[in-house]
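Before anything else, here's the structure in question.
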Amino acid sequence: EAEACELPRGQLTHIFAASSCVYAFSAVVAGIVGHVVVELSPPSAEGGHNRFAAPFNVAAPVLLLASFLCQVQWSERYGDRRTTPSASLLRSWRAIVASRTLLALGVVNSLYETSLYAFVFMWTPSLERRAAHQISHGLIFSIFMVSKMAGAQGFALLDAYG
């Protein structure tokens, strides 16, 4: 995409930092909205509806709207049409294996994502067992995302002055 838009290589760092910040900000908003929706939902009675499902019910139409906007606003980038997808995949694999930097980046990213998802699945039960009262999952998630946003901005500052 950067090549198609003819952006200078150095601009990618700023784009990635900005996109990470925007992503984290939207996640903060989603966490707060999720918290508000749970708080406004009536408590679940035996056999009643689950008020913790309410954020997912709000997210479904937003997901559909975002999918529609992506479909009508973004053009598809097909890459090199002179080769088959399997040949392109094989060429990518060879480039990764031939470069220690790319291979290390892939391994580190995989380990980071693995630990992140293990944390995502474990933080809720872990906090609930230790809490004396009901905890606000949406607000806690928002705090995590503010931390991510701060990290993205810290990276952008270090990159600018480093």
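The values are calculated or read from the model by the stated rules, or taken from the named source; none is laboratory data. Quantities reported herein were computed from a predicted structural model and do not represent experimental measurements. With ideal geometry, Cβ positions are generated from the backbone for all residues, glycine too; neighbour counts draw on all protein chains shown. Areas reflect the complete protein model, heavy atoms only, side chains present, ligands, DNA and RNA absent. Shrake-Rupley method; radii C 1.70, N 1.55, O 1.52, S 1.80 Å.
Across the stretch 127-160, what is the number of residues that are small (Gly, Ala, Ser) and more than 22 Å from the chain's Cα centre (by Cα)?
The total comes to 3.
Same structure, new question: For the list (1) open to solvent by less than 80 Å² (accessible area, probe 1.4 Å); (2) closer than 30 Å to residue 158 by Cα; (3) at pLDDT below 90, I need the number of the one condition that residue 3 fails.
(1)
Right, here's the next one. Suppose we keep only residues that are polar (S, T, N, Q) and modelled with pLDDT of 85 or more within the stretch 48-83. Which one would you say is farthest from residue 38 (Cα to Cα)?
73
Condition first: hydroxyl-bearing (Ser, Thr, Tyr), loosely packed, with under 13 Cβ neighbours inside 10 Å and modelled with pLDDT of 80 or more. Now tell me which residues in the stretch 12-47 satisfy that.
19, 26
Anything in the stretch 116-143 that is of a type outside the set (S, T, N, Q) and within 19 Å of residue 39 (Cβ to Cβ)? List them, or say none.
Residues satisfying the conditions are 127, 128, 131, 132, 133, 135, 137, 138, 139, 140, 141, 143.
As an exercise: evaluate residue 150 against (1) within 22 Å of residue 34 (Cβ to Cβ); (2) of a type in the set (Gly, Ala, Ser); (3) touching a residue at least 12 places away in the same chain (Cβ under 8 Å) and give the number of the one condition it does not meet.
Among (1) within 22 Å of residue 34 (Cβ to Cβ); (2) of a type in the set (Gly, Ala, Ser); (3) touching a residue at least 12 places away in the same chain (Cβ under 8 Å), the lone unmet condition for residue 150 is (3).
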